[in-house]
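What follows is one structure encoded as structure tokens, with my remarks underneath.
The values are calculated or read from the model by the stated rules, or taken from the named source; none is laboratory data. Everything quoted here is computed from the prediction, not taken from an experiment. Note that we place each Cβ from the backbone using ideal geometry, even for glycine, and neighbour counts take in every protein chain shown. Side chains are part of the model used for accessible areas, which takes the heavy atoms of the whole protein and leaves out ligands, DNA and RNA. Shrake-Rupley method; radii C 1.70, N 1.55, O 1.52, S 1.80 Å.
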Amino acid sequence: MNRSDDHLLALALQGDGACFGELAERWQRRIFSFVCRHVGNVEEAQDLTQDTFAKAYQNLDRLTDPARFSSWLYKIALNECRMRFRRGRNITHISLEKEDESEGIDIADATTPERHLADKEKSLLLKEAFQALPEEQRSVILMKEYQNLKFHEISEIMNVPLSTVKSRMYLGLKTLRRLMEKKL
Amino acid sequence: MNCDENRELILDVVYGEEMNSRTCFDFFKHLDSCPDCSGEYKEFLTTRETLQEWEVEEPPDLQVPAGRLSKPWLQKQPRRRFELGSWWPTLQKVAAGFLILMGVVSIFQHYGYLGGRKVLVSEQRLTEMMQDLIVVNQKDERKLIGQMLVHLKEDVEFQRKEDMQDIYNNLVSLQQRYNDNLEESNRYLKVLLER
Ligand SMILES: [Zn+2]
């Protein structure tokens, strides 16, 4: 049976750990992709994603409005990214792509190996450009561009006015474009 | 729409945020006539295309089937929901409900659909008002009657004076006539005696 997020959340709020596990399975892909782009490191992103869900589960009783579950989850994830940034852990700049180049090529994929390498290079350039952005601008663009959140949702997650979200987005995109033009 | 207004909306349009159709129309109308804003709009679209080329791979952990729930976060049980965070919203709802109920009861009492002090007080007040009105009316009536009696007395006195005058006049007239008659009779008797 495919239960809705609301249903699973209601059961999780009553202490059903398995339901929270199912909910986490649904959301961890999105949270991971956000965290991964934010910190620019796969392994660290995996840890931070785990930490995000662990914190969410521990603090589930503090979720006052279940309709805002996703915003609340992103808020925790963003906080985890920021805390990691403050802790200033040593970041071993592992590429977001798989270590072994040959492993990444799907035989069934119609694209050529050259094309694949070009794509990987672009991803690497984007990752570097994002890491060069101020954290606030990076967070806004990641949530908007890759998580498809509405501006008002980002405003709620980041706890800043809507106008601030838009100006961060505007400046961030302009900076990214300039950085990418330099690199490409 | 000017360039500043157009730039405020540019991200909403590029990201397909909800927008009033009139505003959207004005936005594109401005783009048709403004190469600067039009250039910036195209630039944002191109930037978005570039951004979409960034793909991150899924973490190996995600390949685990949904049935295997040995996730680390499940080892920590959440606190039960009996702290401030859980009963406070309930208390707020109960308080709001109580206030609404009080309001409804007051409205019904006001319009007399429910028995209550307010209605009795109103009736009592109404009786008092009627009594006051009667007292005032009585006072006015008494005053009026008094005035009428005075007038009547004056009239009667005036009338009596006139009547008395008439009687007097009549009496004077009768006496005059009696005297006249007596004088005439005497004259007549005298004539007869002389004959
Ligand atoms: Zn313009």
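Observations
- Chain-alone versus full-assembly comparison, the range A:150-184, residues with accessible loss of at least 10 Å² (1.4 Å probe): A:LYS150, A:PHE151, A:LYS166, A:MET169, A:TYR170, A:LEU173, A:LYS174, A:LEU176, A:ARG177, A:MET180
- With the convex hull drawn over the C-alpha atoms of the range A:107-184, the volume per residue is 101 Å³.
- A:THR112/B:ARG48 FRET efficiency (R0 25 Å; Cβ-Cβ; nearest 0.05): 0.50
- Most fluctuating residue given options A:GLN58, A:GLN50, A:GLN28, as computed from a GNM of chain A linking Cα atoms under 10 Å: A:GLN58
- Neighbouring partner chain Cβ atoms per residue of B:43-55, average, 10 Å criterion: 6
- Helices meeting the span-like rule in chain A (full DSSP H runs, Cα extent of at least 30 Å along the helix axis, mean Kyte-Doolittle score of -1.0 or higher): A:162-183.
- If the Kirkwood radius is taken over C-alpha pairs of chain A, then at 25 °C and 0.890 mPa s the Stokes-Einstein diffusion coefficient equals 136 µm²/s.
- Accessible carbon and sulfur surface of chain A relative to its total accessible area, %, 1.4 Å: 50
- Accessible area in square angstrom per residue, the range A:137-184, 1.4 angstrom probe: 45
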